[in-house]
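Have a look at the structure below before the remarks.
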Amino acid sequence: MLTASLVGCADTPENQEKETVPTNVAEQINAEEFESVNDVYDPLEGFNRVMWDLNYDYLDPYLARPISLAYVDYTPNPVRLGIANFFANLDEPASMVNSLIMQNPEDAVAHFNRFWINTVFGIAGLIDIASAADIPPPSNRAFGDSLGYYGVGNGPYFMVPFYGPVTLREGVGDAADGLYLPLSLLTFWQSLGKWAFEGMEDRAALVKQEALLEDSPDPYVFTRDAYIQHKNFRATGGETPVDEPENEEQLDDYLDEIDDY
């Protein structure tokens, strides 16, 4: 229900093939090195901290966590996998368009092929036939990622009660992605169900990272920075930016002189 205030997107059950790059905050913060994010715009920090306390101290331990773990522990894995596959298939067209916007035609073709193959031969996506046909799932791409790819900032950070963290860029991006078929065909309650099932998978996946949050001197800041870092990572297309030397031109000239010598 809450996605533990750390989740950016959904994972599939454990036996589903892992993606080649991190796609959610749970994977991001599991790295040995975690760097604080400096470009966070949090104008409503006072309100956000109150909502954080509500989510973290009450809604998560008494609702989100036990419900998510019960779903994962007692739902047969084939059923969970089918549900996860079905909802993931609905996101393929939006990921295809956003991959094109982010100048990644190879991933766009993979998303397109996965969508029509799983829809036609996989019972509307319940079975991941495409992966069996050696078309592994690329990272999902949202319009918020596309905006970030072209330099649009995250915008204000909000901690939403009953939901978790969100930025203005992500909110606009999610609204845009909802205009694509087949997501545009979902009713409000169907969309809510999709969010709930994906959120339960996400929350259960975060159990292993709970110690990181509990050991943090300021869990609110840790969560906020991890979330923004994850969004920045997605905006790069899953690539870690390489910092170039400040005096690169002088360095090149120096190396040329060495070569001439």
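The values are calculated or read from the model by the stated rules, or taken from the named source; none is laboratory data. Quick caveat: nothing in here was measured; it's all calculated off a predicted structure. Cβ placement follows ideal geometry from the backbone for every residue including glycine, while neighbour counts extend to all protein chains displayed. Each accessible area value is taken on the protein alone, full model and side chains, heavy atoms only, with ligands, DNA and RNA left out. Shrake-Rupley method; radii C 1.70, N 1.55, O 1.52, S 1.80 Å.
When a 1.4 Å probe is rolled over the protein heavy atoms, the share of accessible surface on the stretch 96-143 that falls to carbon and sulfur comes to 70 percent. The residues packed around ASP218, meaning those with a beta-carbon under 13 Å from its beta-carbon, carry a net charge of -4 if Lys and Arg are +1 and Asp and Glu are -1. For the modelled label position 7 Å from the Cα of ALA196 along Cα-to-Cβ, which residues of the stretch 37-68 have backbone nitrogen atoms closer than 18 Å? Only 59-68 pass the distance filter. Calculated from the alpha-carbon coordinates, the stretch 44-238 shows an Rg and a Dmax of 17.6, 51 Å respectively. Taking label positions 7 Å along the Cα-Cβ direction at both LEU63 and VAL50, the computed distance is 1.8 nm, reported to one decimal. Under the convention that each Lys and Arg Cβ holds +1 and each Asp and Glu Cβ holds -1, the size of the dipole of the stretch 44-238 around its Cα centre is about 320 debye. The residues of the stretch 35-180 expose, per residue, 50 Å² of accessible area to a 1.4 Å probe.
Quick check: pseudo-label points 7 Å beyond the Cα along Cα→Cβ at ALA175 and ILE123, how many nm apart are they? Placing both labels 7 Å beyond Cα along the Cβ direction yields 3.8 nm. Calculate, for TYR150 and ALA70, the FRET efficiency according to 1/(1 + (r/R0)^6) with r their C-beta to C-beta distance and R0 30 Å; round to the nearest 0.05. Here the calculated transfer efficiency is 0.10. For SER216 and PHE188, the difference between the fully extended length at 0.36 nm per residue and the C-alpha to C-alpha distance is 6.4 nm.
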